[in-house]
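The values are calculated or read from the model by the stated rules, or taken from the named source; none is laboratory data. On a predicted model such as this, the values are computed, not experimentally measured, just so you know. With ideal geometry, Cβ positions are generated from the backbone for all residues, glycine too; neighbour counts draw on all protein chains shown. We work out accessible area using only protein heavy atoms, side chains counted, and drop any ligands, DNA or RNA first. Shrake-Rupley method; radii C 1.70, N 1.55, O 1.52, S 1.80 Å.
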Amino acid sequence: MKTVLIVGGYGAVGREAAHALTSRPGTKVVVAGRNPAAAQPVPGTTAMRVDATDPAGLARALDGVDAVLMCAETGNVDVARACVERGIHYLDVTASHSVLAELARLDGAARAHGATVVLSVGLVPGVSNLLARVCSERAPSEDLVIGALLGSGEVHGPAALAWTFDGLGQLAGSWPLRFPAPYGERVVHRFPFSDQYTLPETLGVGVRTGLCLDSRLVTRLMSLAGRPAVARLLRRPRIRRLLLSALGAVHVGGDGFAVVVRAGAVQASFAGRRQSRATGHMAALLIRELPELPSGAHHVEQLVDPVRFLDDLAAGGFDLDLGEPA
């Protein structure tokens with residue numbers, strides 16, 4: 001890819017992707033947001049003001065662009081459609097199932113215009129999808145259990161915190177799952193990650209997804225959001241704003257993460273530090289592979305060889321354990 005536009009390029013994931021893309025020569029990286037003057041510049045990139053909700057401004061920003069990496073949660077489908085109609089490749093790090101479902105409907109248009117739309121680009125969904133494919137191929141008759149352990153000390157924006165609270169309040173259930181060292185066995189709480197909706201379609205298996213944080217205390221507190229009385233309290237705007245503000249200011253825990261997928265006796269895991277760095281590196285690797293990928297809208301597990309890709313990603317300083325093939 002000669003020119004890559006990163007929308008939301010001043011956030012944690014966008015910056016990590018920009019750093020990864022500029023580490024190799026030959027790619028022009030344009031980082032875009034609503035207020036570039038207030039952002040810390042990424043060395044080796046070009047800054048641009050882009051409002052994803054402004055069609056005319058977006059059209060100008062897409063001139064000469066080969067691929068767009070969407071790291072914002074504003075007008076994703078409109079941006080993707082604008083890219084597809086011009087034959088521009090599009091990748092999205094969103095974890096929202098509703099957004100992913102809308103983006104998947106662009107498959108026909110993307111094929112017609114020779115554009116590739118890459119979905120599930122991140123940790124969960126993303127790395128989890130690739131681990132799931134590995135486990136599913138090694139234990140094809142087994143349903144999948146996916147667990148994500150995220151660092152409660154990593155800085156997350158208010159939108160991410162609100163999304164986490166809302167998700168923990170949607171589904172009931174919890175179960176133990178063994179994560180790689182230093183975490184060990186932890187209790188994960190049922191969480192509506194998009195994997196449980198998309199993987200049954202792409203892999204043809206049943207999927208159950210759960211979440212915990214590296215801080216046991218914060219995990220327990222956040223799991224209370226599923227109780228009816230607490231859920232009603234959190235629906236009060238003032239209470240919700242105060243709580244999310246407090247959680248955003250106080251960081252209890254570290255920045256480590258781990259994703260585990262289990263299918264019967266088969267288990268695979270991916271772990272490291274800084275979830276945003278893993279997502280940014282994954283996006284950069286996929287951008288470099290775009291010339292070899294088919295047109296249309298696809299989830300990542302439909303596009304790349306999972307073992308090879310995960311090996312390449314782990315080479316960036318992450319820990320990968322795929323177990324032993326059956």
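Calculated accessible area for region 18-95 comes out at 47 Å² per residue, all protein chains present (probe 1.4 Å; ligands, DNA, RNA ignored).
Beta carbons within 10 angstrom, averaged per residue: use that to sort the peptides 119-132, 176-189, highest first. Walk me through the numbers before you get to the answer.
Working: 119-132: 27.9, 176-189: 15.4.
Top of the packing list down: 119-132, 176-189.
In terms of the mean number of neighbouring beta-carbon atoms within 10 Å, the peptides 51-61, 13-23 order highest first as 13-23, 51-61. Expressed as a whole percent, the accessible surface of region 1-149 that belongs to carbon and sulfur atoms is 49, based on a 1.4 Å probe. Annotation: peptides 192-204, 260-272, ranked by per-residue average of other Cβ atoms within 10 Å with the highest first, follow the order 260-272, 192-204.
For region 1-110, a simple Cβ point-charge model (Lys and Arg +1, Asp and Glu -1, everything else neutral) yields a dipole of about 360 debye relative to the Cα centre.
Among residues other than GLY280 whose Cβ falls under 10 Å from its Cβ, what is the net charge (Lys/Arg +1, Asp/Glu -1)? Present the calculation step by step, with values, prior to reporting the outcome.
Numbers: positive: ARG15, ARG274, ARG277; negative: GLU16.
The answer is +2.
Summing Lys and Arg as +1 and Asp and Glu as -1 over all other residues whose Cβ lies under 13 Å from the Cβ of VAL260 gives a net charge of 0.
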